[in-house]
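Visitor: Got a structure for you, questions after.
The values are calculated or read from the model by the stated rules, or taken from the named source; none is laboratory data. Here the structure is a predicted model, which is why all the values come from computation and not from measurement. Using ideal geometry, Cβ is built from the backbone for each residue, glycine included, and neighbour counts are taken over all protein chains shown. Side chains included, ligands, DNA and RNA excluded: accessible areas come from the protein's heavy atoms. Shrake-Rupley method; radii C 1.70, N 1.55, O 1.52, S 1.80 Å.
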Amino acid sequence: MHLLASFSGSQSLIRCLAHKRLISNLIIPVLLSCAIGHAQTTIPDTPAGKVLRAWIEAFNSGDRSKIEDYIKTYDPQQSVERMMGFHSQTGGFDLLAIESADLLLIKFRVREKTSPTVAIGSIQLKSDKSGVVESFDLRAIPPGAVVENIKVDAAKRQQLIDGVVRNLNEFYVYPDLAQTMANAIRVNQKRGDYDAITDPDAFANRLTKDLQGISHDKHLGVNYSPVKLPPDGEKPSPEQEAQFRKMLERTNCTFEKVEVLPRNIGYLKFNAFPDPTLCGATVVAAMNFLAHVDAIIFDLRENSGGDPRMVEVVSSYLFDKPTHLNDLYNRKDDFTTQYWTLPYVPGATLADKPAFVLTSKNTFSGAEEFTYNLKNLKRATVVGEVTGGGAHPVSGHRIDEHFTIGVPFARAVNPISKKNWEGTGVAPDVQVKAADALEKAEELALSKDTLQK
């Protein structure tokens, strides 16, 4: 159970999440039991086909240098570490079919080498001359689901644009900006900019590009699912809940490494902030393992965010008194939710120990909140690169059986700065390349008087 429900080569953002709170890059795998019909498996010699071939060869090799070359050539927004981690989970992919192909867009099916999980993917390029990926999606197909190849006609375009506008105006965190975006896509529609787009992936990508071009909000996006979406309000089945729990167990709740480095420096690398009701025990185990270190390093260089309640849990191990961490203001409800450290966490805290947070351009959303909170509280030294710049929690809204829109509905308000990191990211205290951040943090930790000599 490894395959990601969505693996975006451009931003690695999840396309849809059942949890209404946020979509911030926590990735959900699902199992598949699906019959594959006879279809073309020869990759066409088109610009998009060339990229698919290059991706399969590099990804399946598991070789860091080959993956780095692929990213540099075709998908510079992608992360080497994430692709390496994804390879270790899946073992690579076997190409099963080419679903459709044209110059800049190719759709395909693949199966994990280490499981029966099958996914449908799409690669869309910015242009045939550049050969650079604009969007890369890979979605596992749920059990028993049937992939439907739909076309976007004039009536469907109208329905989708109406749905986008409706949800923006009802939920988007800034109503004036929502109206500006709505007006812009209406103008584009009237001008005929969308008339030639009949592919659903391409249309979702174009709407997302147009909306983000105005808002610059990386959490905002229109998403297409090749299988039918459940009706609004339908809760996950017990089987789906069990699959999700099993996924979290298999990935250790994204907690990748916990160890004590030389000179008693604690090191914790985790790649999301999952639901604490499901993953709280993992945090407790990790922090109790590090209970007696003289300094702690949190590696968030590949952490793409998650649940603000988990930010509370992890942060609570760094304080010995109630501390106000962050607020989230919900525009529609006109209500602010405060987030504080917890009054109690199992085990000892590290309130008197130096803390360091490692960041990269891939550090995003909830991971940025954790970083921003600690920086403003002067509780940690941030080492690495400026983060991704997404401070708006997002909820998914169904437009029809195949399309959803992720709408940022609230904004973070830090109790100290009264601002947030939306669009700017969190600037590190010590700026170095992400690859050098751990070594630099160790050096800084060793310079602290509190560490053992």
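Visitor: Would you mind stating whether Ser88 is open to solvent by less than 40 Å² (accessible area, probe 1.4 Å) and under 20 Å from the mean Cα position of the chain (by Cα)?
Guide: No, not satisfied.
Visitor: Here is a list: Ser65, Ser100. Which entry is hydroxyl-bearing (Ser, Thr, Tyr), open to solvent by 40 Å² or more (accessible area, probe 1.4 Å) and within 18 Å of Phe203 (Cα to Cα)?
Guide: One residue alone meets the criteria, Ser100.
Visitor: Give me the pairs: first residue in region 248-266 and among the hydrophobic types (A, V, I, L, M, F, W, C), second residue open to solvent by 100 Å² or more (accessible area, probe 1.4 Å), beta-carbon distance under 6 Å, and six or more apart or on different chains, which are they?
Guide: Between residues of region 248-266 that are among the hydrophobic types (A, V, I, L, M, F, W, C) and residues that are open to solvent by 100 Å² or more (accessible area, probe 1.4 Å), the close pairs are Val258/Phe289.
Visitor: Here's something else I'd like to know. Report, by residue number, each residue of region 414-437 that is among the hydrophobic types (A, V, I, L, M, F, W, C) and open to solvent by 40 Å² or more (accessible area, probe 1.4 Å).
Guide: If the condition is that a residue be among the hydrophobic types (A, V, I, L, M, F, W, C) and open to solvent by 40 Å² or more (accessible area, probe 1.4 Å), then Ile416, Ala427, Ala435 are the ones that fit.
Visitor: Restricting region 183-214 to residues that are over 16 Å from His397 (Cβ atoms) and among the hydroxyl-bearing types (Ser, Thr, Tyr), which is least open to solvent (accessible area, probe 1.4 Å)?
Guide: Looking at residues that are over 16 Å from His397 (Cβ atoms) and among the hydroxyl-bearing types (Ser, Thr, Tyr), I get Tyr194.
Visitor: Being open to solvent by less than 20 Å² (accessible area, probe 1.4 Å) and farther than 25 Å from Val407 by Cβ: is that true of Ile123 here?
Guide: yes
Visitor: Could you check Ala281 against (1) open to solvent by 10 Å² or more (accessible area, probe 1.4 Å); (2) in a loop (DSSP other than H, G, I, E, B); (3) within 21 Å of Glu256 (Cα to Cα) and say which number it fails?
Guide: Exception for Ala281: condition (2).
Residues are listed down the side, and each one gets a yes or a no for (1) in contact with a helix residue (DSSP H, G or I) (Cβ under 7 Å, 6 or more places away or on another chain); (2) open to solvent by 20 Å² or more (accessible area, probe 1.4 Å):
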{"site": "Val133", "(1), (2)": "yes, no"}
{"site": "Phe136", "(1), (2)": "no, no"}
{"site": "Gly144", "(1), (2)": "no, yes"}
{"site": "Ile150", "(1), (2)": "yes, yes"}
{"site": "Leu177", "(1), (2)": "yes, yes"}
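Visitor: Right, something else. Could you tell me which of the residues Asn362, Asn414, Asn373, Asn326 is in contact with a Leu (Cβ under 6 Å, 6 or more places away or on another chain) and polar (S, T, N, Q)?
Guide: Matching residue, one of Asn362, Asn414, Asn373, Asn326: Asn373.
Visitor: While we're on this one: With the condition being open to solvent by less than 50 Å² (accessible area, probe 1.4 Å) and within 25 Å of Val430 (Cβ to Cβ), I'd like the strands (runs of 3 or more DSSP E) fully within region 292-358 carrying at least 1 qualifying residues.
Guide: Here the list reads 295-299, 324-330.
Visitor: Out of curiosity, is Pro76 assigned to a loop (DSSP other than H, G, I, E, B), open to solvent by 40 Å² or more (accessible area, probe 1.4 Å) and farther than 26 Å from Cys253 by Cβ?
Guide: The answer is yes for Pro76.
Visitor: Hey, another quick one. Just one of Ala367, Ala391 is at pLDDT 95 or above, outside any loop (DSSP other than H, G, I, E, B) and touching a Gly at 6+ places or on another chain (Cβ under 9 Å); which is it?
Guide: Only one candidate passes the filter, namely Ala367.
Visitor: Could you please give the count of residues in region 103-120 that are open to solvent by 30 Å² or more (accessible area, probe 1.4 Å) and under 21 Å from Thr73 (Cα atoms)?
Guide: Summing the residues that are open to solvent by 30 Å² or more (accessible area, probe 1.4 Å) and under 21 Å from Thr73 (Cα atoms) in region 103-120 gives 2.
Visitor: Follow-up question, since we're still on this one. So, in region 153-175, of the ones that are among the aliphatic types (A, V, I, L, M) and within 15 Å of Asp210 (Cβ to Cβ), which residue ends up surrounded by the fewest Cβ atoms within 10 Å (Cβ to Cβ)?
Guide: Among them, the one singled out is Val165.
Visitor: For region 292-300, indicate whether the set of residues that are over 21 Å from Lys440 (Cα atoms) and touching a strand residue (DSSP E or B) at 6+ places or on another chain (Cβ under 8 Å) is non-empty.
Guide: Scanning region 292-300, I find no residue that is over 21 Å from Lys440 (Cα atoms) and touching a strand residue (DSSP E or B) at 6+ places or on another chain (Cβ under 8 Å), so the answer is no.
Visitor: Inside region 232-269, can you point out the residues that are surrounded by fewer than 19 Cβ atoms within 10 Å (Cβ to Cβ), farther than 27 Å from Tyr172 by Cβ, over 23 Å from the mean Cα position of the chain (by Cα) and not small (Gly, Ala, Ser)?
Guide: Across region 232-269, the qualifying residues are Pro238, Glu239, Glu259, Val260, Leu261, Pro262, Arg263, Asn264.
Visitor: Another question, then. Could you check, for region 3-22, whether at least one of its residues is assigned to a loop (DSSP other than H, G, I, E, B), modelled with pLDDT of 50 or more and of a type outside the set (Gly, Ala, Ser)?
Guide: no
Visitor: Does Asn223 satisfy being in contact (Cβ under 8 Å) with a residue 12 or more places away in the chain, of a type outside the set (A, V, I, L, M, F, W, C) and under 22 Å from Arg411 (Cβ atoms)?
Guide: When the stated conditions are applied, Asn223 passes them.
Visitor: Okay, next question. Select, from Thr282, Thr359, Thr371, the only residue that is touching a Cys at 6+ places or on another chain (Cβ under 7 Å) and in contact (Cβ under 8 Å) with a residue 12 or more places away in the chain.
Guide: Testing whether each residue is touching a Cys at 6+ places or on another chain (Cβ under 7 Å) and in contact (Cβ under 8 Å) with a residue 12 or more places away in the chain leaves just Thr282.
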